[in-house]
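A quick write-up on the structure given underneath.
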Amino acid sequence: MESLNSKIDYPALGWDASFGELPTPEAGVAARVVTENRGHFVVLGPSGESAAVLAGALRKNPELRPAVGDWVVMGFEGCAGVPTIHRVLARKSKLSRKVTGRMTREQVVAANLDTVFIVSGLDGGRNLNLRRIERYLVFTWNSGAVPVILLNKADLHGDNTAFVREVEAVAGGVPVQAVSAHDGTGLDFVRSYLGPGRTIGFVGSSGVGKSALTNALIGQVTQLTGDVRQGDLTGRHTTTRRQLLLVPGGGMIIDTPGMRELQLWSEDEDLNDAFGDIAAASRQCRFKDCTHTVEPGCAVKGAVDDGDIQTARLESYHKLSQEIEHLAQRESYLGRLEEKARGKTFGKMLKTFNKTNRKQGGTL
Ligand SMILES: Nc1nc2c(ncn2[C@@H]2O[C@H](COP(=O)(O)OP(=O)(O)OP(=O)(O)O)[C@@H](O)[C@H]2O)c(=O)[nH]1
Ligand SMILES: [Mg+2]
Ligand SMILES: [Zn+2]
């Protein structure tokens, strides 16, 4: 029997050697997650786009669940021929944040991206927030995908050089490009990251124009944008679901809803990637474990005094650093709790075992 897997152009959809061999027909069919809505998935597989459901094991464990952009293996044994997703293949990159609220859990925003575009809007000062860009850089460096910064709505100004320079100062070498979804400025730059098999993603606050850029690159209105005001949309995010879309010339875009609150799921390493200037200066601090707050001989504070690093940037670094440390503490605390709980369950098991055994004349 010819494998169903051979009927689609997997490489064009982003499949590469890092995902291993395509599954044999007996093992299932590989497909890519296009979107998800309350446990209902849409995947792109050999029969085009289709609905898919999760196998029980994945439904029960949030950590095993697929995200948009994931490659999954599905079977057709389920009810009425709806494919069942059995497992998620190891990701080559993943954009993760902490779930909102008090829970300490990872939420995978999108998977298997090659490039993540951090989008800001040039409409008024409110959206060009350097501190927010720094936060998004730490978020993106963690993903394993390459970050690029886009300043959208360039059509609102004659000359955007000053904006680009201002952002370059906090970008740590990440490219910064002024673009416009409306007049097409800079779109060729974005297109240079697309092409068969390449997946890009747009992240950033609500209203910066992620969906407008998506539409401009696809060449037709696929995504609803903020100017389409339907009574019940007012005051809410226009895009409500993450979605993978095919670009006619090759490549894919994952459009995401703006995040009201981006809580990090990152590590110190990501912070150093995003704050290369501070990381470099810190190597000259007198103390190896310098916190760049009160220590004498702190080269980072020296750089601030010299005007090489802005005070606001160092403050931003401290804030994000504390957030990452707090997250690490919560994680290890929860890990310890879990261990304890497991220990307790084991203790209980042992007790029951010994009780039954005693009755039968022996203990462990
Ligand atoms: N002037 C100008 N306006 C733009 C541009 N791109 C987007 N807009 C406008 O900005 C508003 C928001 O655009 P969207 O594409 O919906 O923004 P979004 O980032 O997708 O927002 P969410 O889906 O809510 O996260 C709309 O009114 C767009 O018309 C641009 O390049 N220039
Ligand atoms: Mg949108
Ligand atoms: Zn220091």
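Run G250 past the list (1) of a type outside the set (S, T, Y); (2) within 20 Å of V68 (Cβ to Cβ); (3) within 14 Å of ligand 1 (Cβ to nearest atom); (4) in a loop (DSSP other than H, G, I, E, B) and report the number of the one that doesn't hold.
The one condition G250 does not meet is (3).
Check S282 against each of (1) hydroxyl-bearing (S, T, Y); (2) touching a Gly at 6+ places or on another chain (Cβ under 7 Å); (3) outside the structural domain of V99 (by TED's automatic domain parsing) and name the one condition it does not meet.
Looking at each condition in turn, S282 falls short on (2).
Inspect all residues belonging to the range 203-221 and state whether any of them is open to solvent by 10 Å² or more (accessible area, probe 1.4 Å), more than 22 Å from the chain's Cα centre (by Cα), at pLDDT below 95 and farther than 18 Å from G251 by Cβ.
Taking every residue of the range 203-221 in turn, at least one turns out to be open to solvent by 10 Å² or more (accessible area, probe 1.4 Å), more than 22 Å from the chain's Cα centre (by Cα), at pLDDT below 95 and farther than 18 Å from G251 by Cβ.
Regarding the range 112-130, can at least one residue be identified that is within 19 Å of D268 (Cβ to Cβ) and touching a Phe, Trp or Tyr at 6+ places or on another chain (Cβ under 8 Å)? Steps first, answer last, please.
Just the residues of the range 112-130 that are within 19 Å of D268 (Cβ to Cβ), to begin with: none.
Looking for residues that are within 19 Å of D268 (Cβ to Cβ) and touching a Phe, Trp or Tyr at 6+ places or on another chain (Cβ under 8 Å), one finds none in the range 112-130, hence no.
Condition first: under 31 Å from the mean Cα position of the chain (by Cα) and in a loop (DSSP other than H, G, I, E, B). Now tell me which residues in the range 264-289 satisfy that.
So the first thing to find is which residues in the range 264-289 are under 31 Å from the mean Cα position of the chain (by Cα), and the list is 264-283, 289.
Across the range 264-289, the qualifying residues are W265, S266, E267, F275, R283, D289.
Quickly run through the range 39-56 and pick out the residues that are closer than 23 Å to R198 by Cβ, open to solvent by less than 40 Å² (accessible area, probe 1.4 Å) and of a type outside the set (V, I, T).
F41, L44, G45, P46, G48, listed by residue number.
Within the range 118-127, is even one residue within 17 Å of the chain's Cα centre (by Cα), crowded, with 18+ Cβ neighbours inside 10 Å and of a type outside the set (A, V, I, L, M)?
Yes: the range 118-127 contains one or more residues that are within 17 Å of the chain's Cα centre (by Cα), crowded, with 18+ Cβ neighbours inside 10 Å and of a type outside the set (A, V, I, L, M).
Which of the following residues is surrounded by 19 or more Cβ atoms within 10 Å (Cβ to Cβ) and modelled with pLDDT under 95: E36, E21?
None of the other options fit; the residue is E36.
Please find, within the range 267-278, the residue that is farthest from I324 (Cα to Cα) out of those that are in contact with a Lys or Arg (Cβ under 9 Å, 6 or more places away or on another chain) and open to solvent by less than 30 Å² (accessible area, probe 1.4 Å).
By that ranking, first place goes to I278.
Conditions tested, residue by residue: (1) touching a strand residue (DSSP E or B) at 6+ places or on another chain (Cβ under 8 Å); (2) in a loop (DSSP other than H, G, I, E, B); (3) within 16 Å of ligand 3 (Cβ to nearest atom); (4) more than 17 Å from L122 (Cα to Cα).
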{"site": "H182", "(1), (2), (3), (4)": "no, yes, no, no"}
{"site": "Y193", "(1), (2), (3), (4)": "yes, yes, no, yes"}
{"site": "V208", "(1), (2), (3), (4)": "yes, yes, no, no"}
{"site": "S211", "(1), (2), (3), (4)": "yes, no, no, no"}
{"site": "T214", "(1), (2), (3), (4)": "yes, no, no, yes"}
{"site": "T222", "(1), (2), (3), (4)": "yes, yes, no, yes"}
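Do we have G343 as assigned to a helix (DSSP H, G or I) and either away from ligand 2 (no atom under 16 Å from the Cβ) or modelled with pLDDT of 95 or more (or both) here?
yes
The values are calculated or read from the model by the stated rules, or taken from the named source; none is laboratory data. Worth saying up front: this structure is predicted, and the values here are computed from it rather than measured. Glycine also receives a Cβ, built like all others from the backbone with ideal geometry; neighbour counts cover every protein chain displayed. Surface accessibility is based on the protein's heavy atoms, side chains included, excluding ligands, DNA and RNA. Shrake-Rupley method; radii C 1.70, N 1.55, O 1.52, S 1.80 Å.
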